[in-house]
Amino acid sequence: MILFFRSGIEPSRARALHRLERVLGIRFRRLALLQKALVHRSYRETNTAGSFQQDNETLEFLGDAVLGLVISEELFRRYPVYEVGELAKVKAQVVSRATLGEIATSLKLDQWILMGSGETRRGEAKQISVIGSALEAVFGALYLDRGLASTARLIHRLFHRQIKEVETGEIATDYKSLLQEYVLRYFRVTPEYHVVDELGPAHRRRFRVRVDWKGKAYAEGSGLSKKAASQEAARMALEHLLSPTKRD
C-alpha cells in the first residue's frame, strides 16, 4: 500500500506522526523529515513508488554524530577532572546500542517504524538494533529541522537518567538481560559468565569477567564487583553484536 499522496504525507499517517511528536515533546516544521527517520530499508525496498521513499540510514548516520557531540559536551562539562579514557568509557555506556534500544522501547517507537511486510510479521521493529537506529535517525531529522539546540534539549531529556545513574555509580541499563534476550533469539543458547581474574587488595578488589556461548568468548568486562564486571562484559558483547558488521 502506498502511504503518501503526491502533495505530501497521507492524512492518517500524518496524524500518527503528530502523536509521536506529542510523545517526544517536539514539533517538526517539516514532517517529512520525521517520516523519513522512520522508514526502514526493508520498507523502501518493497515499496518503490516515488523517489520520496528513502530509508532512514543517512539520517541515522547524522543522528549518531549529533548524539555523540551532545553527550560528549555534557560529560565534558559534568566531569571536568576526568581523563579522556574515563570520559570515553562513560560515553560508551550512555550512548551504547543497548541504551538507545532501551530508550526507544520505552517510547514505543516501534509503533511508528515502517518496515517490509515480512519484517513486520516477524516483529523486527522491536529489535534493539532497529529501534535504536530509528531513534538516532529522529535525532538527525530534528537537527536538520530545528537545529542543534532543540535536538540537544530532547537528547538531554531522554538520556537524563542514564547520565545521572552513571554519575551515582549505578548501572543505567541491564545489559545482561538484553544480551540474554538477544542470544536466546539468535543463537538458541544462554550466555555464560566466568571470572577470569581478580586484582588488587581485598578492600579494593577488581574483577574481570568473560562472557561466552557456544564455546566462543565474545567480550570481557571489569568492575569493582562481579556483578558490575558481568554487566560491562554484556555491554561489550552487545556492542559487538549490534555493530554494522553484524553478529557472527
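The values are calculated or read from the model by the stated rules, or taken from the named source; none is laboratory data. Here the structure is a predicted model, which is why all the values come from computation and not from measurement. We place every Cβ from the backbone using ideal geometry, glycine too, and count neighbours over all the protein chains shown.
Just a few scattered comments:
- Taken as a whole, the structure places GLY140 among residues that are at pLDDT 90 or above and assigned to a helix (DSSP H, G or I).
- Output for the range 168-180, where each listed residue is under 19 Å from GLY221 (Cα atoms) and either at pLDDT below 85 or touching a Cys at 6+ places or on another chain (Cβ under 6 Å) (or both): GLY169, GLU170, ILE171, ALA172, THR173, ASP174, TYR175, SER177, LEU178
Residue by residue, here is whether (1) assigned to a helix (DSSP H, G or I); (2) β-branched (Val, Ile, Thr); (3) within 21 Å of LYS108 (Cα to Cα) holds:
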| site | (1), (2), (3) |
| --- | --- |
| LEU144 | yes, no, no |
| LEU158 | yes, no, yes |
| ARG210 | no, no, no |
| GLN231 | yes, no, no |
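- Residue that is touching a strand residue (DSSP E or B) at 6+ places or on another chain (Cβ under 7 Å), loosely packed, with under 14 Cβ neighbours inside 10 Å and outside any strand (DSSP E or B), where the choices are VAL189, VAL195: VAL189
- Under the condition of being under 22 Å from ALA237 (Cα atoms) and either part of a loop (DSSP other than H, G, I, E, B) or charged (D, E, K, R) (or both), the residues counted in the range 94-114 number 4.
- Within the range 185-208, residues that are closer than 18 Å to ALA219 by Cβ sit with their Cβ atoms under 7 Å from residues that are hydroxyl-bearing (Ser, Thr, Tyr), at 6+ positions apart or across chains, in these pairs: TYR193/SER230; ARG206/SER222; PHE207/SER222; PHE207/SER225; ARG208/SER222.
- Residue in the range 120-129 that is modelled with pLDDT of 85 or more and acidic (Asp, Glu) present: no
Let's see how each residue does on (1) within 21 Å of LYS126 (Cα to Cα); (2) of a type in the set (A, V, I, L, M):
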| position | (1), (2) |
| --- | --- |
| GLU181 | yes, no |
| THR190 | yes, no |
| VAL195 | no, yes |
| ALA202 | no, yes |
| VAL209 | no, yes |
| TRP213 | no, no |
| ALA219 | no, yes |
| GLY223 | no, no |
| ALA234 | yes, yes |
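For every residue, the table says whether it meets (1) free of Cβ contacts under 8 Å to residues at least 24 places away in the same chain; (2) under 22 Å from SER12 (Cα atoms); (3) among the aliphatic types (A, V, I, L, M).
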position: SER96; (1), (2), (3): no, no, no
position: ALA125; (1), (2), (3): no, yes, yes
position: LEU142; (1), (2), (3): no, yes, yes
position: LEU154; (1), (2), (3): no, no, yes
position: ARG157; (1), (2), (3): no, no, no
position: ARG161; (1), (2), (3): yes, no, no
